[in-house]
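Below is one structure, written out as structure tokens; the observations come after it.
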Amino acid sequence: MTQVRDVFREALRLYPPVGFLARECAADTQMRDKRMPKGAAFATQEAVLILSSLLVRYRFELPEGFSPKPVGRLTLHSENGMRMILKRRD
């Protein structure tokens, strides 16, 4: 999980969805049985769990010859879309 979290954070550092919007808890928060201290970045924890569960089941590949072209306006997105091939792991 540590490696998945680190890869996820690096991807967000290189390609932030919104370059000037911080996502972290503004105050200590309790959500069901999970304690989230101020600054715990709950959205990041959730994304890492989802990403790791997908990576266990699938391989993600770019189609041959496809290269996304990042463009930053209000949000960062690929100018030419994001084509991916998902292959189920054995």
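The values are calculated or read from the model by the stated rules, or taken from the named source; none is laboratory data. It should be emphasised that the depicted structure is a prediction, and the values quoted were computed from it without experimental measurement. Every residue, glycine as well, gets a Cβ built from its backbone with ideal geometry; the counts of neighbours run over all protein chains shown.
For Val56, only one of the following conditions fails: (1) loosely packed, with under 13 Cβ neighbours inside 10 Å; (2) of a type outside the set (Gly, Ala, Ser); (3) modelled with pLDDT of 90 or more; (4) more than 25 Å from Met1 (Cα to Cα). What is its number?
Exception for Val56: condition (4).
So which of Ala40, Ala22 is surrounded by 14 or more Cβ atoms within 10 Å (Cβ to Cβ), small (Gly, Ala, Ser) and modelled with pLDDT under 85? Give the derivation first.
Details: Ala22 fails: surrounded by 14 or more Cβ atoms within 10 Å (Cβ to Cβ).
Being surrounded by 14 or more Cβ atoms within 10 Å (Cβ to Cβ), small (Gly, Ala, Ser) and modelled with pLDDT under 85 holds for just one of Ala40, Ala22, which is Ala40.
Considering only residues that are over 16 Å from Leu14 (Cβ atoms) and either free of Cβ contacts under 8 Å to residues at least 12 places away in the same chain or not small (Gly, Ala, Ser) (or both), which ones fall in the stretch 80-90? Can you show your working first?
First, the residues of the stretch 80-90 that are over 16 Å from Leu14 (Cβ atoms): 80-81, 83-90.
Matches in the stretch 80-90: Asn80, Arg83, Met84, Ile85, Leu86, Lys87, Arg88, Arg89, Asp90.
Looking at (1) surrounded by 12 or more Cβ atoms within 10 Å (Cβ to Cβ); (2) assigned to a loop (DSSP other than H, G, I, E, B); (3) more than 11 Å from the chain's Cα centre (by Cα), which is the one condition that is false for Pro16?
Of the numbered conditions (1) surrounded by 12 or more Cβ atoms within 10 Å (Cβ to Cβ); (2) assigned to a loop (DSSP other than H, G, I, E, B); (3) more than 11 Å from the chain's Cα centre (by Cα), the odd one out for Pro16 is (3).
Would you confirm whether any residue within the stretch 21-32 is more than 23 Å from Asn80 (Cβ to Cβ), free of Cβ contacts under 8 Å to residues at least 40 places away in the same chain, part of a helix (DSSP H, G or I) and among the hydroxyl-bearing types (Ser, Thr, Tyr)?
Restricting attention to the stretch 21-32, the residues satisfying the condition of being more than 23 Å from Asn80 (Cβ to Cβ) are 21-32.
Going one step further and asking which of them are free of Cβ contacts under 8 Å to residues at least 40 places away in the same chain, we end up with 21-32.
Keeping just the survivors that are part of a helix (DSSP H, G or I) gives none.
No, there is no match, as no residue in the stretch 21-32 is more than 23 Å from Asn80 (Cβ to Cβ), free of Cβ contacts under 8 Å to residues at least 40 places away in the same chain, part of a helix (DSSP H, G or I) and among the hydroxyl-bearing types (Ser, Thr, Tyr).
Can you work out which of the residues in the stretch 42-65 that are of a type in the set (Ser, Thr, Tyr) and part of a helix (DSSP H, G or I) is nearest to Ala11 (Cα to Cα)?
Filtering the stretch 42-65 for residues that are of a type in the set (Ser, Thr, Tyr) and part of a helix (DSSP H, G or I), the one nearest to Ala11 (Cα to Cα) comes out as Thr44.
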